[in-house]
1. Pairs only if they're at least six apart or on different chains, beta carbon under 8 angstrom, first in the stretch 312-339 and assigned to a strand (DSSP E or B), second polar (S, T, N, Q); list them, first residue then second.
2. Before we move on, is residue 136 of a type in the set (Gly, Ala, Ser) and in a strand (DSSP E or B)?
3. Quickly run through the stretch 202-231 and pick out the residues that are closer than 19 Å to residue 171 by Cβ and touching a Ser or Thr at 6+ places or on another chain (Cβ under 6 Å).
4. Being modelled with pLDDT of 95 or more and either surrounded by fewer than 20 Cβ atoms within 10 Å (Cβ to Cβ) or under 11 Å from residue 322 (Cβ atoms) (or both) is the filter here; which residues of the stretch 73-86 pass it?
5. Just give me the residues in the stretch 256-282 being near the ligand (Cβ under 9 Å from one of its atoms) and either closer than 19 Å to residue 150 by Cβ or of a type in the set (Ser, Thr, Tyr) (or both), in sequence order.
6. Inside the stretch 264-278, can you point out the residues that are out of contact with any Gly (no Cβ under 9 Å at 6 or more places or on another chain) and either small (Gly, Ala, Ser) or in a loop (DSSP other than H, G, I, E, B) (or both)?
7. Yes or no: residue 187 among the hydrophobic types (A, V, I, L, M, F, W, C), more than 16 Å from the ligand (Cβ to nearest atom) and under 24 Å from residue 249 (Cβ atoms)?
8. For residue 317, all conditions in the list (1) of a type in the set (D, E, K, R); (2) surrounded by 14 or more Cβ atoms within 10 Å (Cβ to Cβ); (3) near the ligand (Cβ under 9 Å from one of its atoms) hold save one; what is the number of the exception?
Amino acid sequence: MTTTKRETCWRVRRLPDGTAAAGIEALGWDAAAAGPEGEIVVRVEAAGFNYKDALCCAGHPGVMRTSPLVPGIDAAGVVALPGGALPAGTPVVVTGNGMGELRDGAFASCVRMPSAAVLPRPAALAADAAMALGTAGLTALLACDRLQAIISPRHARPDEAWLVTGASGGVGMLSVAALAAAGHRVIACSRKAAATDVLRDLGAAEVVAPDAVRDPTPKTLVAGRWAGVVDTVGGPLLADVLRAVRPGGGVAAIGMAGGADLVTSVHPFILRGVTLAGIDAASLPTQAERILLWARLASFWPAIAGRFPVTRLRLEDVGDWADRMRRGETTGRGVVIPE
Ligand SMILES: NC(=O)c1ccc[n+]([C@@H]2O[C@H](COP(=O)([O-])OP(=O)(O)OC[C@H]3O[C@@H](n4cnc5c(N)ncnc54)[C@H](OP(=O)(O)O)[C@@H]3O)[C@@H](O)[C@H]2O)c1
């Protein structure tokens, strides 16, 4: 590989007072030189922007496990320096595996990862399309699969309502699209009225505000409404929604954009047989499972490509997008093109 350009990245440094400083810096290592045994250098063509990356940009200790750190848990590009079975030039994707948390991530012109973490990218997925999906797409499929496996067959009827919270976000929108494609009647819950049309285009039967799914009665159970729930918000909204899940229904707990605490009772579980299923897309799926998920995402993408909102970002836009994402102001997916 030849390096004719300056290799750059967006790097975050945690300051002694717990805040963080970030900006564009030189990569600091030679992308054309072999790294440690068994590692591959990937030239990053696109990087997906996840909520975790927004937290990392603010120095959140739960994500930023070391400092300084380049954020970015999703990368797509080509193999620049081979280190395993994939020859130079192979289109690849890398997600999770500690990237952007324990070691430098994808908001950079190059990233170095163990060869076992680097997967061949489906031929049908360009790098920017792969990153429009990224961990959000993997998570949406995992949540749909899990709910379909645990929910009582009595809820197989197409008129049963399935709820998606935080629906204007990356995981939320892709979950709406995936559940609708699987034939479910999807109710999208979003605080953003402006996202209504796109959520309907992606398959939502209805778009409602959080107030419409919350119930002010202080009861541990309220009228059952939801067969299945994909929850990306957590906190009080998740606690409220759990009280309204139908007998034998299930909830996939994915996120904490609205809070990490969960104050609930055992009643939904012991009086309605509700299942609360955790989803961990970053570290739980094996590499073999990820390859299968990516193949499914590649088939799924053409059906939503023209309707799904993707914002292309430069490295210099990372800080601003992260601020907006933490405030819950973004819609769809941001994709960083670190050229
Ligand atoms: N478990 C896993 O494997 C996994 C994988 C990926 C992501 N996640 C988590 O899932 C969550 C969503 O990730 P994402 O990448 O889709 O993020 P995102 O694009 O920022 O979407 C989050 C959405 O949550 C809603 N929201 C934000 N702040 C809120 C608040 N204070 N109160 C209520 N709702 C709020 C907003 O939707 P509306 O405005 O439409 O309501 C926002 O668009 C994050 O917590 C992320 O860490 C988990």
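The values are calculated or read from the model by the stated rules, or taken from the named source; none is laboratory data. For clarity, every value in this text was computed on a predicted model and none was experimentally measured. As a convention, Cβ positions derive from the backbone with ideal geometry for all residues, glycine included, and neighbour counts pool all protein chains shown.
1. Cβ pairs passing all conditions: 333/311; 334/311; 335/311.
2. No; evaluated as a whole, the condition is false for this residue.
3. 207, 230, 231
4. Within the stretch 73-86, just 78 meets the criteria.
5. 278, 279, 280, 281
6. 264, 265, 266, 278
7. For residue 187, the condition - among the hydrophobic types (A, V, I, L, M, F, W, C), more than 16 Å from the ligand (Cβ to nearest atom) and under 24 Å from residue 249 (Cβ atoms) - is not met.
8. (3)
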